[in-house]
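The values are calculated or read from the model by the stated rules, or taken from the named source; none is laboratory data. Worth saying up front: this structure is predicted, and the values here are computed from it rather than measured. Reconstructed Cβ throughout: ideal geometry from the backbone, glycine too, with neighbour counts over all protein chains shown.
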Amino acid sequence: MDLSIYITTQGMERMQKRINDLMTERPEVIKAVAVAREFGDLSENAEYKAARERQRAIDSEIDFLRRRASTLKVVDSAALPKDVVRFGCDCLTKDEATGEELRFRLVGAAEVNFYEDEKEIQVVSVVSPIGRGLLGKKQNQIAEINAPMGKRRLRVIEIY
């Protein structure tokens, strides 16, 4: 099963918010392009070049996000049971080597970047080494993870 095509309800809401934010910013950038164009010679007009570059970046991101959103399948993770670590759930783990407690949220690959504001929880994709290792684990089971930084053993303490 290709888990990269799934997104949580919250992830889709955050993606739509990003699209709306870009759509709100776009008219201001178009206005800045028009104002900069009035300064004259476009070949040596740094303000014009910067405004056009920003407009292209916004348009590209809007296009990318819209196309990506249309191919994703939304999963309401709140409706899923919390008996095992599943897509969209949060879990508390304990690193067996260090004793450190770590909280993870397992989300779709398309939504990881929309959770930059999370401080207490590490948002990981279900297709990442940590995500794949934790999927399907029950409380008190150990996930053996072959991460790029080395092998890790995470014990699942609690599933939310």
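Below is a table of values for the structure above.
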item	result
Top-ranked residue of the stretch 134-157 - restricted to ones that are loosely packed, with under 14 Cβ neighbours inside 10 Å and either in contact with a Leu (Cβ under 8 Å, 6 or more places away or on another chain) or hydrophobic (A, V, I, L, M, F, W, C) (or both), ranked as nearest to residue 75 (Cα to Cα)	147
Cross-chain or 6+ apart pairs with Cβ under 6 Å, the stretch 38-66 first and closer than 30 Å to residue 13 by Cα, then among the small types (Gly, Ala, Ser)	51/32; 51/36
Of all residues in the stretch 5-34 being of a type outside the set (A, V, I, L, M) and not in a helix (DSSP H, G or I), the one that is farthest from residue 89 (Cα to Cα)	6
Test: residue 62 is modelled with pLDDT of 95 or more, in contact with a strand residue (DSSP E or B) (Cβ under 8 Å, 6 or more places away or on another chain) and not assigned by TED's automatic domain parsing to the domain that holds residue 90	no
Selected residue (criterion: modelled with the lowest pLDDT) from residues of the stretch 35-59 that are in contact with a helix residue (DSSP H, G or I) (Cβ under 8 Å, 6 or more places away or on another chain) and assigned to a loop (DSSP other than H, G, I, E, B)	39
Tally of residues being assigned to a loop (DSSP other than H, G, I, E, B), without any contact (Cβ under 8 Å) to a residue 40 or more places away in the chain and buried (at least 21 other Cβ atoms within 10 Å of the Cβ) across the stretch 85-133	0
Residue count, the stretch 69-83 (criterion: modelled with pLDDT under 95, surrounded by 12 or more Cβ atoms within 10 Å (Cβ to Cβ) and part of a helix (DSSP H, G or I))	1
